[in-house]
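The next block holds one structure in the form of C-alpha cells; read it before the comments.
No value in this document is a laboratory result; all are computed from the given coordinates. Nothing here was measured: the structure is a model prediction, and the numbers come from that model. Positions of Cβ are generated from backbone atoms using ideal geometry, with glycine treated the same way; all protein chains shown enter the neighbour counts.
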Amino acid sequence: MENLYLSVVSTNIEMDIHIRVPLEFEKILDYTFSDSITMTRQRISIQQLLDQRNEHSSFDDKIQLIRYLNTYSKQIKNLIVNLKNTKLIIQPQFSWSIDNETIKTSCWLFEAIMPKVVNYIINTDIGKSMIKNEQFVEANKYFKGALQCANESYILTESWKWKMPYMNHKVISSQWHMAQIHKINSLMQLSALSRGQQQCSSDKTLYILSQRALHHSALSYMKWKDSYTEMLLKVSDAFRYLYSANILWNNAQYGGSIYTVQHWLKDQEIETDIFDNFKQEFEKIPFLLQERIRVNNSAYFETIQSIVDLPSLESVIHTKNIKHPDIPTLNEDPQQSDYQQDHE
C-alpha cells in the first residue's frame, strides 16, 4: 500500500494530525457492543476539532479536545481488551494523516495510539504556552498529562510486534515515543529550573535541575534526533556551567569561576524558544564575566584556570549522580587532589 499525500493548508503547530476516514462503529461491531454509537460520536467530535485546530486555537478548544481524547482512548482500550469476544461485522480501516502523510491500516493498536499522540502533543503545547507566560507550576501539570499519554503510547507501540513496511512511521516507533518521554521530562525540569530562578533558589539546587534536564534531553536526542531537543540540550548544558561557575565563586574559587564562564559560556549564542526568562539570564553573562574579572584583578589575584571538570555528556546519560563535583579546598593544587583521590 502506498503512502498518500494530501494537499492541505500548513499550520504552525508541532504536528498536523487529522482523521481522514470517519467510522461508524455500529456498522463494524455487532449489537452486543453497547458503546458503538457513543464511540462514533466521540470520534466525529475529535475529527471536527482536529480539522479546526491551528496555532490560534483557544485554550477552551484544546481542553475540550483533551476531554474527548481521554474518553475515546478509554473506549478504544476497553474495546481492544474485549475484541476477541466481540463479533466484527466488517474489518475497519483506520486512516489518519500526519503532516500531510496518510497512514491507513486495519490494526486496532494504531487507533489506540493516535488519540494518545494527539493528547500529549496538545498537553505539551498548553504547557509551553504556560511557560511563555511564566506560569511554571501550571505548565508542569500539563507536562505530567503529556508524560502519561507518552508512556502509554510507548507501551502500545512495544506491543505492536509486526508491521508492514509502509507502516514505517515515527508515531508507531517505540524509539520515537521514548524520545518524547525524555523530551517532556526535560521540559519539566527546565520549567522547575525557571520556577527556582523566580524563587531565588540556591545555585546547587539550580545546578541539579539543569543536570536533570540535560540527562533527559541527551537521552531524547540519542533516541530520536530533532532540532528542538538539540535546543533543550544546549540550554541545559549552558545552565549547568553557569551554576557551576556560581558555585565555584561562592566557594572562593574565583579563577576557576572565571575560567568556566570564559571557556564554556562566553560569546555563545543559545536559542531559548519559549523560555524568555532564560534569554534574560544568558544576556547577563557578559556583564557577569566583566564584573568577576574586575573583582579578581583588584582583590583576589587568582590564576584563571580550570578547577573542576563537569561530567561528560556520555556520563550524564548513564549516571544518576547529578550533584556538583567536589571542589578542591582553597589553595589546593587540583592535580594533586586528583592524584590523592586516585590513590586512596
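Quick notes on this one:
- Checking the cross-link pairs Lys141/Lys234; Lys84/Lys170; Lys132/Lys323; Lys27/Lys104 against a 22 Å limit on the alpha carbon distance flags Lys141/Lys234; Lys84/Lys170; Lys132/Lys323 as lying beyond it.
- Amide H partners (placed H, <5 Å) of Asp16, local residues excluded: Asp99
- What the Cβ-Cβ distance of Asn168 and Phe301 gives, at R0 = 45 Å and to the nearest 0.05, is a FRET efficiency of 0.10.
- Between Asn133 and Ile322, the contour length at 0.36 nm per residue exceeds the alpha carbon distance by 65.2 nm.
- Rg and Dmax of the range 1-128, Cα atoms only, in Å: 14.9, 44
- Label of the coordinate-derived value, mean projected area of the Cα convex hull in nm², listed as [x] 19.8; [y] 16.3; [z] 21.5: [z]
- Candidate membrane-span-like segments in the chain, meaning DSSP H helices with Cα atoms spread over at least 27 Å of their own axis and a Kyte-Doolittle mean of -1.0 or above, are 59-81, 108-132, 136-159, 174-198, 203-223, 227-250, with no membrane implied.
- In this simple spin-label approximation, Thr205 and Ser106 carry label points 7 Å from Cα along the Cα→Cβ vector, and these lie 5.8 nm apart.
- Those trypsin sites (Lys or Arg not before Pro) in the range 140-170 that DSSP places in a loop and that have at most 16 other beta carbons within 10 Å: Lys161, Lys163
- Three principal axis lengths of the range 87-225 [C-alpha, angstrom, descending]: 62, 29, 27
- One decimal place: the segment Ile44-Gln268 gains 75.8 nm when fully extended, by the rule 0.36 nm per residue minus the C-alpha distance.
- Estimated [θ] at 222 nm from DSSP helical runs (n ≥ 4, -39500 (n - 2.57)) normalised by residues in the chain, nearest 500: -20000 deg cm²/dmol
- Cα Rg over Rh - the range 158-220, Kirkwood: 1.24
- Placing dummy labels 7 Å off each Cα toward the beta-carbon, the span from Ile63 to Gln93 is 3.9 nm.
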